[in-house]
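For reference, the structure discussed in these notes is given below.
The values are calculated or read from the model by the stated rules, or taken from the named source; none is laboratory data. Just so you know, these numbers come straight off a predicted model, no measurement behind them. Cβ atoms come from the backbone with ideal geometry, glycine included; neighbour counts cover every protein chain shown. We work out accessible area using only protein heavy atoms, side chains counted, and drop any ligands, DNA or RNA first. Shrake-Rupley method; radii C 1.70, N 1.55, O 1.52, S 1.80 Å.
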Amino acid sequence: MKKFFRNLWENRTWLLMVLPGTIWFILLAYIPMAGNIIAFKEYTIHPDGFIASIIHSAWVGLDNFKFLFSTSDAWVITRNTILYNLVFILLGLALAVALAILLSQLANKRLAKVYQTGMLFPHFLSWVVVSYFVFSFLSMDKGLFNNILESIGMGGISWYHEPEYWPYILTSMNVWKTVGFSSIIYLAAIAGINRDYYEAAMIDGASKWQQIKHVTLPALMPLMVILTILDIGKIFRADFGLFYQVPRDSGTLYSVTNVIDTYVYRGLMQMGDISMTTAAGLYQSMVGLILVLLTNYIVKRIDKDYALF
């Protein structure tokens, strides 16, 4: 015990630095986890407050989960959440790395900074603002796309009632908004690569593509693996703003836009079923945790050179 307190005192500066983040996680991440007990109860509101409501609510065991998975909604929201996130991860990774490499090859560094700023701008826009941009293009009456179609003799499309177009629209919007920020991360990693490797490759007669293939990509691989594992851990968590705001909560699009996050929100706001939505959220978190552990285990088994933990 004496050694423990001595270590605390010796590392007091570092501990004080992480104290605000630790308090934030305890208050907003760990303490609320106790509320997951609602997933196993039939939550009813008690006049004495939230804690009393939990205590006096009847236990139902796994009934909330059984009801969730007995509906067709469970399959739809799980399918949409996983498939969209898989596409976002793979496409986002490829485009972010490609953009970072292209920017690193620009000789005019001032022009490169202009491009970086332009690519970062969408990242800071709210999905509410973006949804109005999208509506200005897809509006049935005054949308730019329909005006173009009508000008060439084609009929307008009711975009917000045609589900087949939305997987491409949502994927495009996600890439547009996120790939710029991701590319900056890889660009910073490229800037840290020792230039001696490139000079050695040029002496050996390596072309630009060979330098990228044998120097840049291997150097980026550990970062790519780490970020991919983190993204896989969030594969059951969809971007609420993208799937709720951009389609404007159109009911005819639910088959391709309804994901776990929007399902939980609608269940809470429209049906008021707190127990069901808590069960869906707990299911979402547990599968995400399992995927992170499984992915990290597979990566370590495939190549111990890139072992992360």
Are any of the residues in segment 66-77 at pLDDT 85 or above, under 25 Å from SER172 (Cβ atoms), surrounded by 16 or more Cβ atoms within 10 Å (Cβ to Cβ) and not aromatic (Phe, Trp, Tyr)?
-> yes
Hits in segment 213-238 (condition: over 20 Å from LYS300 (Cβ atoms) and hydroxyl-bearing (Ser, Thr, Tyr)) | THR216
Considering only residues that are of a type in the set (Phe, Trp, Tyr) and touching a residue at least 24 places away in the same chain (Cβ under 8 Å), look in segment 114-138 and name the one that is most open to solvent (accessible area, probe 1.4 Å).
-> PHE121
Scan segment 251-280 and report the pairs whose first residue is farther than 17 Å from ASP63 by Cα and small (Gly, Ala, Ser) and whose second residue is in a helix (DSSP H, G or I) and open to solvent by less than 20 Å² (accessible area, probe 1.4 Å), with Cβ atoms within less than 9 Å and a gap of 6+ or a chain change.
-> SER255/ASN80
When segment 99-113 is checked residue by residue, the ones that are without any contact (Cβ under 8 Å) to a residue 12 or more places away in the chain and either surrounded by 12 or more Cβ atoms within 10 Å (Cβ to Cβ) or of a type in the set (Phe, Trp, Tyr) (or both) are LEU102, LEU106, ALA112, LYS113
(1) surrounded by 12 or more Cβ atoms within 10 Å (Cβ to Cβ); (2) not in a helix (DSSP H, G or I): which one isn't true of MET154, the others all being true?
-> (1)
